[in-house]
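Read the structure below first, then the notes.
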Amino acid sequence: MNPKHDSYLDDYEQYETLFDPMRSDRKARRGRKPKTKHTPKKPQQQVIAELGESVGLEGGFKTTYQPGLFEEGWLLQSLRDFYTQHYISDVLARVKGGKEASVYRCQATPAIGGGLVAAKVYRPNIFRNLRNDAMYREGRGVLSAEGHDLNQSVHTDRMQRALGKKTAYGRQVAHTSWLMHEFKTLQTLHAAGGAVPKPFAAGENAILMSYHGDEDRAAPILQDVVLDVDEARSLFNVVLWNVELMLKHNLIHGDLSPYNILYWEGRITIIDFPQVINSQGNGSARFVLERDIIRICDYFAEQGVERDAEAVAHRLWKRYIAKSPRDQKADESRLLAEDEE
Ligand SMILES: Nc1ncnc2c1ncn2[C@@H]1O[C@H](COP(=O)(O)OP(=O)(O)OP(=O)(O)O)[C@@H](O)[C@H]1O
Ligand SMILES: [Mg+2]
């Protein structure tokens, strides 16, 4: 990993604590970590200046979108590699600033087909908001920036210990793994024909993927769409088909809801996968699967499609996760036969 990453994460956190407009002074005081005597806080102007310098704004990456003072350094630093590697030539607009990430509409270069693409830029502090991330981590690997599972590597102990701690290194490992889980899941599901954005590239802090919408507005989330009952019925089946596709790859979305499904010209696209869980190795799999299905069924019930969420989740559970020993044996023999071919 790039050691620079650490330092700019630290800088950003300091900068964010100083400037986050959402934090009141009282909140900021309560949340502020005790200061160590050895690291005097940098003056605000110095932090901003350093972030500006570190992204090489003078290097030609001028964007049509005018980022605010609070986002400029982090945004350009996060997207600079996509720019220098000629994936994007411009940032056109911010589609949405979320609690964990902001998504930007960008101009793609011909190298990746031209047109518009979406860049999801993670906030550096997502782990402060994600109280329960250990629940999602159970049974899934720790992924490196190259997408390798660090549990398989010689560094396992160090990585695992780092993850349990709140050191800068531990946070960096967790941050990268989180992002790479989203990227790898998009790769797997897109290759399998799933209704997910096409992933183009992953950087240290951002993912580049197909954009859904047009030059004026991004596709709305399903939560903001009212469907007629026939369309609702067929889209419910599409969502369920995708849930089954995930289960066939031992994946459960983990935050599936009408807020994480886009709707555009009659088609849906499922997004937002960093918390994806391993259906076979996670003790909370059943709870998470049920929660996903209940949220989907609640939305579709409002559109006139009544389904028994618990019965749906139970059927999926039995079919894909809690297999009988006989089914498991059959699966193993099939896989063995495939290996021998
Ligand atoms: N590929 C895409 N094309 C168009 N818009 C997108 C795309 N991906 C994400 N968006 C928009 O960006 C928003 C945030 O994306 P996402 O859900 O992945 O991040 P998030 O951190 O979970 O944000 P939130 O907290 O708002 O859910 C989405 O609700 C959607 O409006
Ligand atoms: Mg989301």
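For this structure, a couple of remarks:
- Cα centroids of the range 90-126 and the range 174-211: 13 Å apart.
- Accessible surface of residue 184, taken over heavy atoms with a 1.4 Å probe and every protein chain present, rounds to 80 Å².
- Surface accessible to a 1.4 Å probe, residue 300 within the full protein complex, Å²: 0 Å²
- Relative compactness, the range 207-341, computed as alpha-carbon Rg over 2.2 N^0.38 Å: 1.19
- Here residue 340 and residue 315 are evaluated by their C-beta separation; at R0 = 30 Å the FRET efficiency comes out at 0.40.
- Per-residue ³J(HN,Hα) for the range 83-100, Karplus 6.51 cos²θ - 1.76 cosθ + 1.60, θ = phi - 60°, Hz, x for Gly and Pro: 6, 5, 8, 6, 8, 10, 10, 6, 10, 9, 6, 8, 6, 6, x, x, 7, 10
- 11 Å reach of a label modelled at residue 151, 7 Å along Cα-to-Cβ, counting backbone N of the range 269-298: 278-283
- Hz values of 3J(HN,Hα) by residue in the range 213-222 - Karplus curve (6.51, -1.76, 1.60), Gly and Pro given as x: x, 10, 5, 9, 8, 6, 4, x, 6, 4
- Here the range 83-100 is scanned for amide nitrogen atoms under 17 Å from the site 7 Å beyond the Cα of residue 224 along Cα-to-Cβ, giving 93-100.
- For residue 307 and residue 133, the difference between the fully extended length at 0.36 nm per residue and the C-alpha to C-alpha distance is 59.6 nm.
- Per residue accessible area of the range 222-331, 1.4 Å probe, in Å²: 48 Å²
- Summarising the amide proton neighbourhood of residue 123: residues at separation of 5 or more, or on other chains, whose placed amide H is nearer than 5 Å comprise 101, 102.
- The stretch between residue 280 and residue 217, if pulled fully straight at 0.36 nm per residue, gains 18.8 nm over its current Cα-Cα span.
- Surface share of carbon and sulfur [accessible, 1.4 angstrom probe, percent] for the range 222-331: 48 percent
- Straightening the chain between residue 330 and residue 85 buys 83.6 nm, computed as 0.36 nm per residue apart minus the Cα-Cα spacing.
The values are calculated or read from the model by the stated rules, or taken from the named source; none is laboratory data. The structure presented is a predicted model; accordingly, all values stated were derived computationally and were not measured. Note: ideal-geometry Cβ built from the backbone for every residue, glycine included; neighbour counts use all protein chains shown. Note: accessible area is taken over every heavy atom of the protein model, side chains too, but ligands, DNA and RNA are not part of it. Shrake-Rupley method; radii C 1.70, N 1.55, O 1.52, S 1.80 Å.
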